[in-house]
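This report concerns only the one structure given below.
Read-outs: derived from the displayed coordinates by stated rules, not from any lab. The structure presented is a predicted model; accordingly, all values stated were derived computationally and were not measured. Because the Cβ atoms are built from the backbone with ideal geometry, glycine has one as well, and the counts that use them run over all protein chains shown.
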Amino acid sequence: MKANLKTLAIATCLALGTCTYAQEGFVRPELSYNFASLKGSDASGSTLKDAGGYAVAAGASFGAQNEHEIGISVGVANFWISGSSGAYGKVKTMPILANYRYYLGTKANSARFYLAPSVGNTSVKVNESNKGSTFSSSNTSFNWGGGIGALFKVADKFDVDLGFRYMEGIKIKDTNIHVQVNTLYIGANFRF
């Protein structure tokens with residue numbers, strides 16, 4: 001399994017075309033708490049309830065102090081939607097993101113802070129009911145975001161990752177509604 005993870009990390013590095021060699025690969029499962037809002041005139045009176053989520057990221061780090069990291073992450077979050085007119089339903093988001101992190105400090109530090117821009121596509125599925133009528137849609141939209149966080153070294157090849165991410169540009173098909181998502185997350189960072 002370790003060889004497969006290293007292969008995935010190196011393939012990610014090559015696919016993004018930003019490094020000539022990887023010093024370390026990583027895989028990072030994470031759990032998240034997501035709070036989102038709906039924007040646009042079609043969203044008036046509708047709200048999304050906060051949701052838990054999960055994701056996994058894999059990639060590689062490089063640089064003299066492994067200060068650059070690139071990777072791909074895939075995640076899921078399910079939000080419950082409610083409207084002032086009695087509408088209710090579910091919004092499922094599934095982002096696939098290309099991520100970059102720039103770490104401050106050296107590999108020897110017990111904590112390293114980072115800045116993390118992201119771009120990608122998010123699949124959005126909506127199922128909503130209102131007084132006998134239903135609305136369903138499914139689409140994928142380009143989105144972007146950024147984040148900040150810190151890695152805390154626990155062991156030689158294991159860190160705990162705590163951070164905040166903001167995502168913008170997630171659209172709901174056949175409406176002028178877009179979803180803005182703020183995420184607090186904790187991850188287990190395994191390096192190899």
Identified option (computed P(r) over Cα pairs in 5 Å bins from 0, in percent; candidates (i) 1, 6, 10, 11, 10, 8, 6, 4, 4, 3, 3, 3, 3, 3, 3, 3, 3, 3, 3, 2, 2, 2, 2, 1, 1, 0, 0; (ii) 1, 8, 15, 20, 16, 13, 9, 7, 5, 3, 1, 0, 0; (iii) 1, 7, 13, 16, 17, 15, 13, 9, 5, 2, 1, 0): (ii)
Provide the packing ranking of 67-78, 137-148, i.e. peptides ordered by the mean count of other C-beta atoms within 10 Å per residue, highest first. 67-78, 137-148
Expected output is a single nm value to one decimal: the length gained when fully extending between Asp174 and Ile148, i.e. 0.36 nm times separation in residues minus the C-alpha distance. What is it? 6.1 nm
Quick check on the chain: helices-only [θ] at 222 nm, where DSSP H runs of length 4 and up contribute -39,500 (n - 2.57) each and the sum goes over total residues. Nearest 500, please. -2500 deg cm²/dmol
Can you give the angle from 0 to 90° between the axis of helix 2-16 and the longest principal axis of the chain, with both taken from C-alpha atoms, to the nearest 10? 70
Using amide H atoms built 1.01 Å from N in the peptide plane, name the residues 5+ places from Glu24, or on other chains, whose amide H lies under 5 Å from its own. Ser61
Which percentage, to the nearest 5, of the DSSP beta bridges contained in segment 153-192 is antiparallel? 100
Between Ser85, Ser133, Gly146, whose Cα lies farthest towards the positive end of the dipole of the chain when Lys and Arg beta carbons carry +1 and Asp and Glu beta carbons carry -1, centred on the Cα centre? Ser133
Which of rounded, prolate, oblate describes segment 130-192, given a ≥ b ≥ c as roots of the alpha-carbon gyration tensor eigenvalues and a/c under 1.5 marking rounded, otherwise prolate only if a/b is larger than b/c? prolate
Cα-Cα over 20 Å: which of Lys131/Lys171; Lys125/Lys173; Lys39/Lys125? Lys131/Lys171
Kindly rank 176-185, 125-134 from highest to lowest mean number of other beta carbons found within 10 Å of each residue. 176-185, 125-134
